[in-house]
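Below: the structure, in structure tokens.
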Amino acid sequence: RCLPRKYQKHVVICSFRGSVSHGLTLEIGETVQILEKCEGWFRGFSTKKPTVKVNTIIINLSLSVCVSYRQYETAVPLEDPVITEVTSTLQEWAVLWKQLYVKHKVDLFYKLRHVMNELIDLRRQMLSGHLTQDQVREVKRHITVRLDWGNEHLGLDLVPRKDFEMVDADQISVSDLYKMVSVPAAITHTNCLQTVITIITCYEKFMVRLNKNGGPKNPEKVDRLFYKCNRSPPSQSMLIALPFFCNNENEWYQIHENIIRKSIHLSISLSNWAGLIISLQLLRGEMEQVRRENPMIFNRCVAITRKLGFPDVIMPGDIRNDLYLTLERGDFERGGKSVQKNIEVTVYVLYADGEILKDCISLGSGEPNICEHRFFVLYHNNSPRWSEVIKLPIPIDRFRGSHLRFEFRHCSTKDKGEKKLFGFAFTPLMREDGTTLSDESHELYVYKCDENTTFSNHALYLGLPCCKDDYNGCPNIPSSLIFQRSTKETLWISTQLSSTKLTQNGMDLLALLKWKAHPDRVMDILGRLRHVSGEEIVKFLQDILDTLFSILDDNTDKYGPLVFQSLVFIINLLRDSKYYHFRPVMDTYIQKHFAGALAYKELIRCLKWYMDRSAEVVRQDHIQEAMRALEYLFKFIVQSRILYSRATCGMEEDQFRTSIQELFQSIRFVLSLDSRSSETLIFTQAALLNSFPAIFDELLQMFTVQEVAEFVRGTLGSMPSTVHIGQSMDVVKLQSIARTVDSRLFSFPESRRILLPVVLHHIHLHLRQQKELLICSGILSSIFSIIKTSSLETSVQEEVEMVVESLLDVLLQTLLTIMSKSQSQEAVRGQRCPQCTAEITQTDVLTTICVLSDLQGEYVSCLLSLLRQMTDIHFQHLLDNFQSKEELKEFLLKIFCVFRNLMKLSIFPRDWNVMRLLTSNLAVLYINQPSLQLETLTPAKRKKILDKYGDMRVMMAYELFSMWQNLGENKIHFIPGMIGPFLGVTLVPQSEVRNIMIPIFHDMMDWEQRKNGNFKQVEAELIDKLDSLVSEGKGDENYRELFGLLTQLFGPYPSLLEKIEQETWRETGISFVTSVTRLMERLLDYRWEFHFFYFYFRVSMVDWSCHSTEAAFTLLLYWELLQWEERPLREFLHYPAQSEWHRKEGLCRKVIHYFNKGKCWEFGIPLCRELAFQYESLYDYQSLSWIRKMEAAYYDNIMEQQRLEPEFFRVGFYGRKFPFFLRNKEFVCRGHDYERLEAFQQRMLGEFPQAIAMQHPNQPDEAILQCDAQYLQIYAVTPVPENVDVLQMDRVPDRIKSFYRVNNVRRFRYDRPFHKGPKDKENEFKSLWIERTTLTLTHPLPGISRWFEVEKRELIEVSPLENAISVVENKNQELRTLISQYQHKQLHGNINLLSMCLNGVIDAAVNGGIARYQEAFFDKEYIGTHPEDTEKITQLKDLMQDQVHILGVGLAVHEKLVHPEMRPLHKKLIDQFQMMRSSLCHVRAQLFLCSTQGNQRQCGYSGQCFYVALQGLPGLDKLSSASNPRGILTSHSPMSPESIKLMHRHR
């Protein structure tokens, strides 16, 4: 809107840099204030340089006139806002674009240049004025996409838009603005290839006949092709359609599929180029609309190509009757010929009298219809495949009785004109029951005939079966017919019917449509309507509805309930997502074709009857279906009443109103029922509430706005006024209210005043209970949006008053609660770490934070919307309503806390500048908030804010000064408490703000001097706050700026020092200022030193995000230095000032969190106990419960969660080019998860790219140690666990042992096998020695680092016998552990692990392994030459015998658990075990001798004793029998190869 101004403003549309005396240098987009005008010339100044005014000619009339409004003048060009935005944005980008080049962001530099050039070109198109409305809209879309892309990549603000234009934040509600910035518009892209494929596969063919020159034969007919397409191809483009060639004509039938699958390639050469040039243009809208808007396109013959099958929506009046015929394939006999036939198929459509129907065959749009069609001929092919589609547009009245006849002819290759008829096939188009051919493939019989055959009497073959199904229906066929079937020849066709009048369902649908033929079966016919497929119902929707209402009119009392149920069924069918797009068909039918003027009475009666029975019936499925269909039932009711009223001139109006009122009483009755004890009733009420808002528009056709509003208010008021009826019903109730608010009814002011109290009542209840906050915020947002829109036309004072009285207080309380929860979650995420518990994970925390953040934004926008709508009258009424000062105080505390949190918390992201400024505009008390610091903004953004809002910091500084002066003698109560906040204001880099604040500091010193005779408090507080402010610095430039600002405050310009010199206490004051200045210098020096220390500390820290366990051990060092005392601690690093107890508690929780993240729960459990002891001693049972649950969760995690055992690698750094702390040293490193030796080696070589990997594990010589190079020696090592006792306990689960095998380990081992002396080729175990290297680290792993230096290195040699003892002993221990787990059901279900382990040991014992050890160490020669190994040989024999006993126990366990299909494998194990025992017979004999001498030895295993004879073991009682073994040792045949796979089948 234009307001009269004294002066006009103009905007420069072309830059001017000429050197003209008394002229202005102007840039494009710059605003010029016009002071005088004379004969087309102007005098004025630029708003950028207001002090430079020119008194002569400056510019000509090539300017855009502007208007200005608001408190601060703003130039608003009359040109399109999008053009203005492009201009200002390009100016802003130009500066940042150059900076990209300076910062070496080359990729973004060139991309942005390209986008800027595109924007300039698009802007030029907009200014040309030659575009249509659609083209302008498309250009705007391209512009906004590029603007948003550039702003995002340059880190600029998000621009809220509506219809591609920037919105004015003052013209819409804050809630709407929040929605715009929180849900940006999605950009959709069109896939051209997908569109082309859709057209190929889903649409009819378009046929163009070309002449010999390659042009259209009939150009006047095929000028344009029009596709009715529901998917969006490119808006407008030029395409070159290149030809695809098929090398084998037999593959032509699948040409489209091959193109789609990309299994066919273009066969084209540059020398012989061929192709078609086509253009595409997208026209949106219905056919009539497109014809009306594009008359030039339709002024000539246009070929309209329809979809194969029905479109997504079939409108009433759309008449179609097309049968699509696909000739698929055929099988024919050779017929005595030496080569295969060249078969031509001709198709005819014939009527019942044998007449060939005219123009009933269409080859494609663009060509006239024909009477017959000859399909293409495949050369010498008796099994041709065509897959050719034609359309048969047969009139509906000629469809019944018509049939298709296919004639087969052989085309001679010698005589081109010779074609011999040898057979035919046929099929009727409609069956006897009136149904058509089904949409499927049909196999037709082929009948023999010759060239002389005539088909003048078609009855001769119509009585024959045409296919197999037809043959089954004609069992008695005479053999003396003129046409004999060729049993080896068949023809396959497929059909697809697209008809709005014909159906393929004869039993149910046709019976309904022809109900008058069987009036006695109407009840059964209506009942069978549910069996009709949805596709058939929507296709014949109008006919079905006409039939239902005609049945209703025939006998309302008899058929009324069944017709009502059928109508409900059809309405709910359209609610299905598959048929939802047919709802417009129903709407059109009701408005234009429905004629049931008396139907409303029965519909109301049935609907009321269903609702009244809802309290009585147990099964309410039919009632719920009726409730879901409420919208369309009311549409039928209202339209029926309108028709009746027209026919009778408004008769029975009172009866109709009464019936509607009674119906609403029933609705209120249903909603008022207590549904807490009835789940079915809940579903009924939910269905009713979901459908209820949809009937408002229908009621508005018959009742006034106030009457409908009263209906709705009574209904909403009947809902229970509680939020404890169940969460699901709470949601449904609020969703119904939300849809009510969004309805057209709520947009009327007279109805809104009626509905608003009940809506606010329910929202108030939920906000007070903190239930369903997200839905409530959506409702409030809609309310404020509607009120804001209405305020531009009418007064909304009464409505705002309702909202303030009902919701302002609870809205503030809700917002404070949300903010508190958000802060708590952030604190928990950083310190308490709820992810340490089993119930809450890090993902849950982040999800909760995101939800709370969304809620904060929603409710802040709602609060801002309400406050902006409030006037002085509303604020005065609000204050008058408080009954006491306590209530007022409580309210003021709430609103001040909200404003404080708005500034302290990051409610909105940084790029949501519009929302941040709106927030700031309400809370400018906080002058130093980041969003108001204009110095940090770009020039363009700074100008926008200054033009619209001014510098709010200066405004608020004057307000602060005014409030301080108004305190009078009360000032002393704010000293020294306000020194810190006021000092923070002086840090704002705005000279006017500092000038305003200086007198306040002088006033503070003066007032304390008056009262106390000194200003020690001011001095102490000022020094302390200065210390805190300096400590908040984050970089060199910040320190210098901070120091400069503070010295200016106490420096030479109109400063505090000048004012002090005028006071009687000037000496003390000058000394104070000098001390403060010196203190600043010292603080800066100390900050430098501390900054260096902090930087060093951070560099030395590990990356905690990737190394959680190491982070825990690092923090544990600090934790151990603290005590459980209440001694206060100063702020340190990121730890706030707090007591020592709280800091140690916070550290403990963080350490526990990192141990949990690293899955080292065993380390975290002692800390949990430590915390539990502290909580218990303080009676903090809530925290005690939390830590005990966490400890229990850790135990569960140990037993349930999978943990990978890490790999350990020894790394040697050799060579003088390594840093000193690495040079010629070796370390052991704990690898990452899933990291193996190759990956670790690549990672180390990546960190040291100049290093050379040593390929052997031998110790390097002196030459390598002293060379000027880098050598890396890496190999895997095995941890040697410290806690051996746990590992030797049989009943300890392996998940627990696994942890102690690889954690808290300080020693590591590496074995290198070698042969000492000559190698025995027959048995290498005799000379196989082991060189065992044991490495001892300075600290155990894991620790504060992932690797530690090797402190000690030991090397020993293990003899072959000792190695054998170690191998057998380890295998026995492994077997004991595994069998014990199965015995105690720690492992159950799948026994593959036990099967594989037993098979591996027994098979190795038979074919090698133990047998090799026997050969090597148990023969007389070895025993005689090594008398010193007698004890070790005995030990090995004992271990072998132990292994036999353990295997026996394992086989017994295996027999109990083995699956029946795994029995062959079990039998094989028994056979091999017998062979193993036989090979160890001499060992068993020795042990038996030992047992007879009283030295019966025991094999400790899981608390049980296993003797040599294995007594007491089930199934193994005869294991020691030497002859004729039985039981599980009975011999069996070898296992088949198929049986070997049984184990894998049962995993």
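The values are calculated or read from the model by the stated rules, or taken from the named source; none is laboratory data. What you see is a predicted model; the values in this text were computed from it and never measured. A quick note on method: Cβ atoms are made from the backbone with ideal geometry, for glycine too, and the neighbour counts reach across all protein chains shown. Note: areas computed on protein heavy atoms with side chains; ligands, DNA, RNA excluded. Shrake-Rupley method; radii C 1.70, N 1.55, O 1.52, S 1.80 Å.
For this structure, a couple of remarks:
- Note, ³J(HN,Hα) from phi for the range 530-545, Karplus 6.51, -1.76, 1.60, rounded to Hz, x at Gly and Pro: 5, 7, 7, 5, x, 4, 5, 5, 5, 5, 10, 4, 5, 5, 5, 5
- Take the range 75-143 with all the other protein chains still there, run a 1.4 Å probe, and you get 61 Å² of accessible area per residue.
- Seen from Tyr351, the other residues with C-beta closer than 11 Å to its C-beta sum to a net charge of 0, counting Lys and Arg as +1 and Asp and Glu as -1.
- Once both labels are positioned 7 Å from their Cα atoms along Cα-to-Cβ, the gap between Leu1122 and Glu1369 label points is 4.7 nm.
- Relative contact order of the range 937-1004, taken over Cα pairs closer than 8 Å and 6 or more residues apart, is 36 percent.
- Note on Thr454 and Glu286: the extension gain reaches 55.6 nm, defined as 0.36 nm multiplied by sequence separation minus the Cα-Cα distance.
- Pairs beyond 20 Å (Cα-Cα), from Lys1159/Lys1352; Lys1225/Lys1352; Lys341/Lys420: Lys1159/Lys1352
- Of the solvent-accessible surface of the range 113-164, computed with a 1.4 Å probe over protein heavy atoms with every protein chain present, carbon and sulfur atoms account for 49 percent.
- Here the Karplus curve 6.51 cos²θ - 1.76 cosθ + 1.60, taken at θ = phi - 60°, turns the phi angles of the range 855-862 into couplings of 4, 4, x, 4, 6, 5, 5, 5 Hz, with x standing for Gly and Pro.
- Site pair Ile1330 and Ser991 shows an inter-label distance of 8.4 nm when each label is modelled 7 Å from Cα along Cα→Cβ.
- Theoretical FRET efficiency, 1/(1+(r/R0)^6), r = Cβ-Cβ of Met1475 and Arg1291, R0 22 Å, to 0.05: 0.10
- Under 20 Å from the Lys420 label point (7 Å along Cα→beta-carbon), backbone N, the range 431-457: 446-455
- Label-to-label distance, Gln99 versus Leu1393, with points set 7 angstrom from Cα along the beta-carbon direction: 6.0 nm.
- For the range 1438-1459 versus the range 338-361, the gap between their alpha-carbon centres in whole angstrom: 81 Å
- Surface calculation, 1.4 Å probe, protein heavy atoms: His877 sits at approximately 80 Å² accessible.
- Each residue of the range 1458-1469 was assigned a 3J(HN,Hα) from its phi angle through the Karplus curve 6.51 cos²θ - 1.76 cosθ + 1.60 (θ = phi - 60°); the sequence is 5, 6, x, 6, 9, 4, x, 5, 5, 5, 5, 4 Hz, with glycine and proline shown as x.
- Each other residue within a Cβ distance under 12 Å of Arg1127 adds +1 if Lys or Arg and -1 if Asp or Glu, for a net charge of 0.
- Ordered from highest to lowest accessible area with the whole protein assembly present and a 1.4 Å probe, Ser865, Ser383 read as Ser383, Ser865.
- Three-way shape call for the range 1220-1324 based on the alpha-carbon gyration tensor, with the a/c threshold at 1.5: oblate
- Inter-part distance where the range 1142-1183 and the range 487-563 are each reduced to a Cα centre, Å: 73 Å
- The alpha-carbon positions of the range 674-717 define a convex hull whose volume is 63 Å³ per residue.
- In this calculation the C-beta distance from Leu1204 to Asp80 is compared with R0 = 56 Å, giving a FRET efficiency of 0.35.
- Accessible area of Leu643 in the full protein assembly, 1.4 Å probe (Å², nearest 10): 40 Å²
- Close amide H contacts of Gln1270 (hydrogens built in the peptide plane, cut-off under 5 Å, sequence separation of 5 or more or a different chain): Ile1252.
- Cα lying deepest toward the dipole's positive end in the range 339-392, options Val389, Asn369, Leu350, charges on Cβ: Val389
- For the listed residue pairs Lys1316/Lys1437; Lys1371/Lys1432; Lys944/Lys1025; Lys98/Lys162, the alpha carbons are over 27 angstrom apart in Lys944/Lys1025; Lys98/Lys162.
- Short-range pairs are left out: with C-alpha atoms under 8 Å and at least six residues apart, the relative contact order of the range 583-710 is 36 percent.
- The residues neighbouring Leu1337, those whose beta-carbon lies less than 11 Å from its own, together hold a net charge of +3 under the Lys/Arg +1, Asp/Glu -1 convention.
- Rounded to the nearest 10 Å², the accessible area of Lys448 at probe 1.4 Å: 100 Å²
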